[in-house]
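The structure appears below as structure tokens.
The values are calculated or read from the model by the stated rules, or taken from the named source; none is laboratory data. Only a predicted model underlies this, so the values are computations on that prediction, with no experimental measurement involved. When we count neighbours, we look across all protein chains shown, and the Cβ atoms used for this are built from the backbone with ideal geometry, even at glycine.
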Amino acid sequence: MAVEAQIPYQEAMELHDPHSWITKYWFSQDHKVIAIQYGITAIGVGLVALVLSAMMRLQLGFPDQFDFIDPEAYYQFITMHGMIMVIYLLTALLLGGFGNLLVPLMCGARDMVFPYVNMISYHVYFLSVIILLASYFVPGGPTGAGWTLYPPQAILTGTPGVDWGILLMLGSLAVFIVAFTMGGLNYVTTILQARTRGMTLMRMPLSVWGIFMATVLGLLAFPALFVSAIMMILDKTIGTSFFMPAVVSIGDSLDYSGGSPLLFQHLFWFFGHPEVYIVALPAFGIVSDLISTHARKNIFGYRMMVWAIVAIGVLSFIVWAHHMYVSGMHPWFGFFFATTTLIIAVPTAIKVYNWTLTLWRANIHLTVPMLFAIAFVITFVMGGITGLFLGNVIVDVPLSDTYFVVAHFHMVMGVSPILVIFGAIYHWYPKMTGKMLNDTLGHIHFWVTFLGTYIIYYPMHYLGFVGVPRRYFANGEMAIIDESVIMLNQTITIAALIVGVFQIVFIWNLIYSYFKGRDAGPNPWKATSLEWQTPETPPRHGNWAEKLPTVHRWAYDYSVPGMKDDFIPQTEPRTAEETAAGRTE
Amino acid sequence: MAEATGLRNLQLVNDWADDVAVFRGVPWGKAMMWIFLLSDTFIFTCFLTSYMTVRMTTAEPWPNPSEVFALEAFGVPVPLLLIAIMTFILITSSGTMAMAVNMGYRRKRVPAALLMLVTAVFGAMFVGMQMFEWTKLIVDEGVRPWGNPMGAAQFGSAFFMITGFHGLHVSAGVVYLIIVAVRVWRGRYEEKGYDIIEITGLYWHFVDLVWVFIFAFFYLW
């Protein structure tokens, strides 16, 4: 019937093979090329954000030593660093990059369902990055409103980049959302409708589950940001008052009246909180696969892991106002949102337990991807536990807007996903290029990044406890600022600079190994999932040979007792022994 | 894995988790359109929620819609006259769209294309009348996005933004309908089948449905 009708459709899918350099590397419709395009652009713009954070650290560690950092520039660094890291690096790399790469390969599809739309998605994303970076070249520079862009201040005199920067930022976000929607529709539809024979939802690797749920969150959460960007652009350009109350600015009464700044905060965080999970869920999924593969053991509680991803996704839509405890909203809201926030810790904790139990008595191979995966679990627990502090209204109020918050979110949604991204690149680079990344360089990169992270962010919790406010250009003569703060800030700055510089090792490794790396072969990690079973490495356009692969088992058959190898690819039919032993999955 | 896990035995879950496709027999384009419309629903929901919020927060009185949107007919101001006609036209266009889908599945491609063009004409009429309404508000009554003589500035801001955004959707739909209609006419889908008409129809019905909400929240409240 119709079901059978869909597979030949997929096998006969028009693929538009490239004919020239341009259609092969620039306007390519191959999901793998698009994934690499997303990856390179995201990492490129991420390096800009890394340099910005180094500038901020220079000012914080050694105040007033550098002439080129004035308060205005500092606020611009903060804003651009935050926005680039969250949206243009993490979201783009995890969904645009890994989403594109892994979804068709792991589901056993030839490509995304609409490769042309997928191609446009990348180019619109590229445009949004250009618009964003263009704000450095307009009068007044980029906006310095903080990545949350709260009105009224974001569009009033006194904020850097109030003339052009804020408009370019909002415009760039709107364009990014268009790009994301085109990509996201493809990922979701491909996962729902274009899996190969035998690949049931409950046999999909957790990477695909994480990417799937994150994309659904993105499709439902980005509209709120889109709408608030449009309304703020209107407030700024033609003088509507959606977010603007009556304001007296520098002695003048402005023409605004009757708008609601709180409305922006609600819209922003209705997007902003799911955004945390848009970044976290793909990382959760990918790290599950890394741990299982490199520990040679099936993921513990697969079914529970899937439902935890779904539960986190659903709950993430009803926790947004925990970012707004000090905004003046009604305390009853605070009670509600504190409750939902603490409830979301349950499925998250289930995932952490399951990762730990997967490692328990496993045959752990301390490869570079595995090191990053274990580092993720540790870092995520650290960041997650401080989240329990901040989720409680009464604990949050004194800690609000201190470095404790900075430490929390950098641990939980900054460093943690980045660690997974590094692990994932070390893991899948061999499939994408056919070459292994250099192990020594990988170890150097890992240890500097991992230990550096803790030297940078651990002391920030302390800074927060003693009351150092975040987003301040300088602490000056504030009585609460202890002597120890100055020394700690210097330590953090030095560590941050070292970690930043050492990322060169990683970039060098990517380039060096592409030319000089050891040949990887089709399946260097002896992994079970479909992407390692492609007929060619790197997979050619269309991924599979004449026929699509058929899936006979889940993605986690590692170290199955009584089997010759310690892994059984998903394409392997069930053996008579398995049936006799009563194995159901 | 243990068979005993409760969720495993639910038929619904099994159906959904089946291999190849969650929505059996549903073409990729149709699934994608549904998901897009879900996302678009959130956009309009955010717009309408924001409109309700600013209507609450503004301290100025809200203009009376039955007076603002009244139209003189034979010397008597009739409240909501124009908007009633516009709504009627748009809902009629949903009817012709549904007929086009029916014709498509019966493989009568010329009537299908014609009905789609009729739908597009209704859509264009709607946009034209909306332009007339905007002109009347801006020129005759002095309503601007940043203020108006009748009361709260947010009235004009929200009105122009939301009906404008909806109008863009209708205009895009008209272009979409014309392109698909021409292709249907030329027989481009003879082999592939006529799901494309239904997909276009989904978008069109969605735009209509959104209008019903805008109508209710803006003109009747």
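Residue-level analysis places residue A:578 among those that are outside any loop (DSSP other than H, G, I, E, B), charged (D, E, K, R) and without any contact (Cβ under 8 Å) to a residue 40 or more places away in the chain.
Put simply, of B:139, B:127, B:101, B:121 the only residue that is modelled with pLDDT under 95 and β-branched (Val, Ile, Thr) is B:139. Out of all the residues in the range B:37-48, is one or more buried (at least 16 other Cβ atoms within 10 Å of the Cβ), at pLDDT 90 or above, acidic (Asp, Glu) and within 30 Å of residue A:266 (Cβ to Cβ)? Yes, the range B:37-48 contains a residue that is buried (at least 16 other Cβ atoms within 10 Å of the Cβ), at pLDDT 90 or above, acidic (Asp, Glu) and within 30 Å of residue A:266 (Cβ to Cβ). Is it the case that residue A:451 is surrounded by 22 or more Cβ atoms within 10 Å (Cβ to Cβ) and closer than 26 Å to residue A:294 by Cβ? The answer is no for residue A:451. Taken over the range B:187-202, the residue count meeting the criterion of being crowded, with 20+ Cβ neighbours inside 10 Å and within 11 Å of the chain's Cα centre (by Cα) is 1. Which residues, taken from the range A:433-445, are surrounded by fewer than 23 Cβ atoms within 10 Å (Cβ to Cβ) and in contact with a Gly (Cβ under 9 Å, 6 or more places away or on another chain)? A:433, A:434, A:435, A:436, A:438 - these are the residues of the range A:433-445 that are surrounded by fewer than 23 Cβ atoms within 10 Å (Cβ to Cβ) and in contact with a Gly (Cβ under 9 Å, 6 or more places away or on another chain). Has the range A:276-288 got at least one residue that is over 28 Å from residue B:52 (Cα atoms), of a type in the set (Phe, Trp, Tyr) and out of contact with any Leu (no Cβ under 7 Å at 6 or more places or on another chain)? Yes; the residues of the range A:276-288 include at least one that is over 28 Å from residue B:52 (Cα atoms), of a type in the set (Phe, Trp, Tyr) and out of contact with any Leu (no Cβ under 7 Å at 6 or more places or on another chain). If I filter the range A:478-494 for residues that are assigned to a loop (DSSP other than H, G, I, E, B) and either hydroxyl-bearing (Ser, Thr, Tyr) or surrounded by 14 or more Cβ atoms within 10 Å (Cβ to Cβ) (or both), do I get at least one hit? Yes - at least one qualifying residue is present in the range A:478-494.
Which of the residues that make up the range B:24-54 are out of contact with any helix residue (DSSP H, G or I) (no Cβ under 6 Å at 6 or more places or on another chain) and not in a helix (DSSP H, G or I)? Once the filter is applied, which keeps residues that are out of contact with any helix residue (DSSP H, G or I) (no Cβ under 6 Å at 6 or more places or on another chain) and not in a helix (DSSP H, G or I), the range B:24-54 yields only B:26.
Only a single criterion out of (1) more than 8 Å from chain A (Cβ to nearest Cβ); (2) more than 21 Å from the chain's Cα centre (by Cα); (3) hydroxyl-bearing (Ser, Thr, Tyr) is not satisfied by residue B:53, namely (1). For the range A:88-129, taking the residues that are small (Gly, Ala, Ser) and away from chain B (no Cβ under 14 Å), the one that is surrounded by the most Cβ atoms within 10 Å (Cβ to Cβ) is identified as A:99. Only one of B:160, B:126, B:215 is under 19 Å from residue B:85 (Cβ atoms) and without any contact (Cβ under 8 Å) to a residue 60 or more places away in the chain; which? Every option except B:126 fails the conditions. Can you confirm whether residue B:143 is crowded, with 17+ Cβ neighbours inside 10 Å, β-branched (Val, Ile, Thr) and more than 15 Å from the chain's Cα centre (by Cα)? Yes.
For the range B:181-205, a residue qualifies if it is of a type in the set (A, V, I, L, M) and within 14 Å of another protein chain (Cβ to nearest Cβ), and the qualifying residues are B:196, B:199, B:202. Examine the range A:514-524 for a residue that is of a type in the set (Lys, Arg), in contact with a Lys or Arg (Cβ under 7 Å, 6 or more places away or on another chain) and either surrounded by 15 or more Cβ atoms within 10 Å (Cβ to Cβ) or not assigned by TED's automatic domain parsing to the domain that holds residue A:104 (or both), and state whether such a residue exists. Scanning the range A:514-524, I find at least one residue that is of a type in the set (Lys, Arg), in contact with a Lys or Arg (Cβ under 7 Å, 6 or more places away or on another chain) and either surrounded by 15 or more Cβ atoms within 10 Å (Cβ to Cβ) or not assigned by TED's automatic domain parsing to the domain that holds residue A:104 (or both), so the answer is yes. The condition (being in contact (Cβ under 8 Å) with a residue 12 or more places away in the chain, among the hydroxyl-bearing types (Ser, Thr, Tyr) and surrounded by fewer than 23 Cβ atoms within 10 Å (Cβ to Cβ)) is satisfied by just one residue among A:462, A:403: A:462. Counting the residues of the range A:175-218 that are closer than 30 Å to residue A:129 by Cα, facing chain B (nearest Cβ under 9 Å), touching a residue at least 40 places away in the same chain (Cβ under 8 Å) and not small (Gly, Ala, Ser) gives 7.
The set of residues in the range A:353-399 being surrounded by fewer than 19 Cβ atoms within 10 Å (Cβ to Cβ) and part of a loop (DSSP other than H, G, I, E, B) consists of A:360, A:361, A:362, A:363, A:364, A:365, A:366, A:392.
Exactly one residue out of A:248, A:287 is within 30 Å of residue A:370 (Cβ to Cβ), more than 10 Å from chain B (Cβ to nearest Cβ) and not aromatic (Phe, Trp, Tyr), and it is A:287.
Whether any residue in the range A:55-64 is free of Cβ contacts under 8 Å to residues at least 12 places away in the same chain, part of a helix (DSSP H, G or I) and surrounded by fewer than 21 Cβ atoms within 10 Å (Cβ to Cβ) is what I want to check.
Scanning the range A:55-64, I find no residue that is free of Cβ contacts under 8 Å to residues at least 12 places away in the same chain, part of a helix (DSSP H, G or I) and surrounded by fewer than 21 Cβ atoms within 10 Å (Cβ to Cβ), so the answer is no.
Out of B:217, B:160, one residue alone is within 14 Å of another protein chain (Cβ to nearest Cβ), in a helix (DSSP H, G or I) and within 25 Å of residue A:239 (Cβ to Cβ). It is B:160. When the range B:164-180 is limited to residues that are within 14 Å of another protein chain (Cβ to nearest Cβ) and touching a residue at least 40 places away in the same chain (Cβ under 8 Å), the one that is farthest from the chain's Cα centre (by Cα) turns out to be B:165.
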